[in-house]
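Here the structure is laid out as structure tokens; the discussion comes afterwards.
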Amino acid sequence: MANNCWNLLSVTGPVGDVQKFHDACDFKNFPACFIPCPEEVKTMHDKSVTDKERTQIAVKHGVGSWYDFAIKRYSSKWCNFEGQDPQPGDYAFDSTWSPPEEAIRRISLLFPTLTFTLEYDEQGMAFQGKIVYLNGETLDEEYREGDDYICECEWEECHRCNPDTYEEVAAENDKATKAYFEKLKATGQIEKGEN
């Protein structure tokens with residue numbers, strides 16, 4: 001299962017241009033609505049595609065699969081606006097493993113009068129930051145990880161926000177896991193020494 005990266009995208013500039021960006025967004029198909037994956041890349045691993053055709057497609061597009069395309073063109077596998085109510089200029093969404101920095105940079109080239117500010121936080125791997133694009137250029141960038149990471153989740157079981165609680169929960173989970181495996185061994189569902 002992938003770690004989700006939380007993203008907040010602010011788009012500023014002339015009001016009419018912000019509205020044009022908003023109207024052009026297909027939030028169920030972002031960022032592919034602006035940077036579509038070619039059909040032949042999506043289907044290059046179908047059984048009907050020969051090795052020679054697959055090689056030609058890979059050379060033509062510089063990628064070996066739709067996944068490679070997404071990582072190369074978006075910096076992320078997907079973006080998800082589910083449960084969000086995007087308003088012109090303010091967009092909160094999740095992405096997989098990392099923020100879609102390359103997608104936002106490429107999209108900023110399509111809307112050269114707009115400034116795109118992407119703030120992101122990937123709590124699972126403890127990194128966060130902000131990057132600002134205007135017409136494909138990086139205007140500002142911040143990045144924090146490790147000891148510089150600022151966790152604000154306030155989740156009771158978060159090992160960063162509540163280290164004492166985390167240790168208690170981890171100990172309880174270890175006891176429950178051990179008891180579970182002992183039960184499986186006792187009932188013969190797994191061999192002694194497995195787990």
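The values are calculated or read from the model by the stated rules, or taken from the named source; none is laboratory data. For clarity, every value in this text was computed on a predicted model and none was experimentally measured. Quick reminder, even Gly has a Cβ in these numbers, built from the backbone with ideal geometry, and neighbours come from all protein chains shown.
Of note:
For (1) closer than 30 Å to C33 by Cα; (2) more than 20 Å from the chain's Cα centre (by Cα); (3) modelled with pLDDT under 90; (4) not in a strand (DSSP E or B), each residue gets a yes or a no:
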| position | (1), (2), (3), (4) |
| --- | --- |
| S108 | yes, no, no, yes |
| Y120 | yes, no, no, no |
| E156 | no, yes, yes, yes |
| D164 | no, yes, yes, yes |
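- In this structure, G188 does satisfy being over 29 Å from G13 (Cβ atoms) and either in a loop (DSSP other than H, G, I, E, B) or modelled with pLDDT of 80 or more (or both).
- Answer from E82, E39, E101 - the residue that is of a type outside the set (A, V, I, L, M, F, W, C), without any contact (Cβ under 8 Å) to a residue 60 or more places away in the chain and surrounded by 14 or more Cβ atoms within 10 Å (Cβ to Cβ): E101
- Restricting attention to the stretch 111-133 and to residues that are surrounded by fewer than 20 Cβ atoms within 10 Å (Cβ to Cβ) and free of Cβ contacts under 8 Å to residues at least 40 places away in the same chain, the residue that is farthest from V15 (Cα to Cα) turns out to be A126.
- Identity of the residue in the stretch 42-62, among the hydrophobic types (A, V, I, L, M, F, W, C) and touching a helix residue (DSSP H, G or I) at 6+ places or on another chain (Cβ under 8 Å), that ends up surrounded by the most Cβ atoms within 10 Å (Cβ to Cβ): M44
- Filtering the stretch 61-79 to residues that are touching a Phe, Trp or Tyr at 6+ places or on another chain (Cβ under 6 Å) and touching a residue at least 40 places away in the same chain (Cβ under 8 Å) leaves only C79.
- Scanning the stretch 1-25 for residues that are surrounded by 12 or more Cβ atoms within 10 Å (Cβ to Cβ) and assigned to a loop (DSSP other than H, G, I, E, B) yields a count of 4.
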